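Written below as structure tokens is the structure these notes are about.
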Amino acid sequence: MNSNINDDEKKLFRENFNAFDTNGDGRLDVKELSTALRSVGFHLTQKDAEAIHAEADRDGSGYIEYDEFERLILQHMKEPYTKNELIEAFNIFDENKSGKISAQELKNVCMQAGDRMKASELEEIIQEADINGDGELDIDEFSNMLLYGQRHM
């Protein structure tokens, strides 16, 4: 495991791993890994998911244990953001200071930055990162999206 990640990131990784370990057996099969990767913005075919699963399964067990999941995510992450950077970025997007980022707020900031994304693309970003399903991103969901490099806005 990588000692360059902080405790908040480790906690976030563990929470996400547990969220996608739908049967609670402490490991991810191909379907669970595919769902986890899709939720953080990877657009995969079944063949892609199987290839990533095989690559990440270092011990050949046929499953991805937590340490393998963490290693996989770290390999695909850019430099981790600090907690303060995540909060600062979140506050830029959360224009009405509600503690949530709506699709409209996401669109507003993207447009200000010169990014002309379609409404459907913005909705897709929200939907993929919205773990609790409320249609908006809270700080944890937003952080997950950035930490895992979901999209480059």
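The values are calculated or read from the model by the stated rules, or taken from the named source; none is laboratory data. Just so you know, these numbers come straight off a predicted model, no measurement behind them. We place every Cβ from the backbone using ideal geometry, glycine too, and count neighbours over all the protein chains shown.
For region 1-34, filtered to residues that are over 18 Å from L146 (Cβ atoms), surrounded by 13 or more Cβ atoms within 10 Å (Cβ to Cβ) and among the acidic types (D, E), the residue that is modelled with the highest pLDDT is D29. Any residue that is among the polar types (S, T, N, Q) and either farther than 27 Å from V30 by Cα or free of Cβ contacts under 8 Å to residues at least 12 places away in the same chain (or both) - is there at least one of those in region 58-79? Yes, because at least one residue in region 58-79 is among the polar types (S, T, N, Q) and either farther than 27 Å from V30 by Cα or free of Cβ contacts under 8 Å to residues at least 12 places away in the same chain (or both). Exactly one residue out of L72, L86, L37 is within 20 Å of E124 (Cα to Cα) and either within 13 Å of the chain's Cα centre (by Cα) or modelled with pLDDT under 90 (or both), and it is L37. When the residues of region 40-52 are narrowed to those that are part of a loop (DSSP other than H, G, I, E, B) and exposed (fewer than 13 other Cβ atoms within 10 Å of the Cβ), which ends up modelled with the highest pLDDT? The extreme case among them is T45.
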